[in-house]
1. If you go through the range B:28-46, how many residues are surrounded by 13 or more Cβ atoms within 10 Å (Cβ to Cβ) and either over 12 Å from B:Asp85 (Cα atoms) or among the aromatic types (Phe, Trp, Tyr) (or both)?
2. Out of everything in the range A:52-68 that is closer than 15 Å to A:Asn18 by Cα and among the aliphatic types (A, V, I, L, M), what residue ends up being farthest from the chain's Cα centre (by Cα)?
3. Can you tell me which residues in the range A:22-47 are farther than 20 Å from B:Trp34 by Cα, surrounded by fewer than 19 Cβ atoms within 10 Å (Cβ to Cβ) and at the interface with another protein chain (Cβ under 8 Å from one of its Cβ atoms)?
4. Given (1) within 7 Å of chain B (Cβ to nearest Cβ); (2) within 14 Å of the chain's Cα centre (by Cα); (3) open to solvent by 40 Å² or more (accessible area, probe 1.4 Å), identify the lone condition not met by A:Asn95.
5. I'd like to know if the range B:3-24 contains one or more residues that are modelled with pLDDT under 95 and open to solvent by 40 Å² or more (accessible area, probe 1.4 Å).
6. Of all residues being among the polar types (S, T, N, Q) and assigned to a strand (DSSP E or B) in the range B:86-113, which is surrounded by the fewest Cβ atoms within 10 Å (Cβ to Cβ)? Just the residue, please.
7. Determine the pairs where a residue that is free of Cβ contacts under 8 Å to residues at least 60 places away in the same chain and small (Gly, Ala, Ser), located within the range A:11-37, has a partner that is buried (at least 20 other Cβ atoms within 10 Å of the Cβ) and not in a loop (DSSP other than H, G, I, E, B) with Cβ atoms under 9 Å apart, the partner being 6 or more residues away or on another chain.
8. Just to be sure before I move on: is B:Tyr49 within 22 Å of A:Arg41 (Cβ to Cβ), crowded, with 21+ Cβ neighbours inside 10 Å and either hydroxyl-bearing (Ser, Thr, Tyr) or touching a residue at least 24 places away in the same chain (Cβ under 8 Å) (or both) in the structure I sent?
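The values are calculated or read from the model by the stated rules, or taken from the named source; none is laboratory data. Source: prediction; values computed, not measured. Don't worry about glycine lacking a Cβ; one is built from the backbone with ideal geometry, like all the others, and counts go over all protein chains shown. We work out accessible area using only protein heavy atoms, side chains counted, and drop any ligands, DNA or RNA first. Shrake-Rupley method; radii C 1.70, N 1.55, O 1.52, S 1.80 Å.
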Amino acid sequence: SQQGEEDPQALSIQEGENATMNCSYKTSINNLQWYRQNSGRGLVHLILIRSNEREKHSGRLRVTLDTSKKSSSLLITASRAADTASYFCAPGSGNTGKLIFGQGTTLQVKP
Amino acid sequence: DTAVSQTPKYLVTQMGNDKSIKCEQNLGHDTMYWYKQDSKKFLKIMFSYNNKELIINETVPNRFSPKSPDKAHLNLHINSLELGDSAVYFCASSRRRDQETQYFGPGTRLLVL
């Protein structure tokens, strides 16, 4: 199992702007998941993208996966103050459900 | 209708005490997990049970002992608490063991004094 590493560690933008967060990993994966954590809360699943997919959308979220570069990105369009949270990626491999999270990207959206 | 619930939400205790954290999921999932999140936000998996069978057992002091009385419950017992055990502990569940979406509980904030 392997850890996803998010970049940047912190991001501050104005409401309405787009936010892009990146994730890199080291070995082959079956899928990659993105989660959000609001301050003081548990993680909430956002999107799962499988290794044979290149792009996936969910509302204002767009996730891309480039297995050749071992990287993924999460784009939040037209950000809102409520998007303020930490965002974590979790590469998945093997069959135990073991996810290894990085330190996350802390996003602040200013109203 | 909380999907994954944990009790207690907050736990303040003295060093050397023994404490338990309980987790229940009403999603009908087969697999449950315990994670520890430190002050720097690193979230580390500790244990996982699949249908009451231990499948992940990370390098965790043996003062930590998980117990799964049935597949809807996964409890965490901690003996002889130490200052370094202070953290937020999250329970999670997934429909099955192979890299499915995980659903997290609200966390238990443990402070050891």
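1. Within the range B:28-46, residues that are surrounded by 13 or more Cβ atoms within 10 Å (Cβ to Cβ) and either over 12 Å from B:Asp85 (Cα atoms) or among the aromatic types (Phe, Trp, Tyr) (or both) number 13.
2. My answer is A:Leu61.
3. A:Asn30
4. Condition (2) is where A:Asn95 drops out.
5. Residues of the range B:3-24 that are modelled with pLDDT under 95, as a first pass: B:3.
Next, from what is left, pick out any that are open to solvent by 40 Å² or more (accessible area, probe 1.4 Å): none.
There is no residue in the range B:3-24 that is modelled with pLDDT under 95 and open to solvent by 40 Å² or more (accessible area, probe 1.4 Å).
6. Step one: list which residues in the range B:86-113 are among the polar types (S, T, N, Q), which gives B:86, B:93-94, B:99, B:101-102, B:108.
Add one more test, that the residue is assigned to a strand (DSSP E or B), and what stays is B:93-94, B:102, B:108.
Numbers: B:Ser93: 29, B:Ser94: 23, B:Gln102: 27, B:Thr108: 21.
This residue is B:Thr108.
7. Pairs found: A:Ser24/A:Glu6; A:Ser24/A:Ser72; A:Ser24/A:Cys89.
8. Values: within 22 Å of A:Arg41 (Cβ to Cβ): no; crowded, with 21+ Cβ neighbours inside 10 Å: yes; either hydroxyl-bearing (Ser, Thr, Tyr) or touching a residue at least 24 places away in the same chain (Cβ under 8 Å) (or both): yes.
Here the answer is no, as B:Tyr49 does not meet what is asked.
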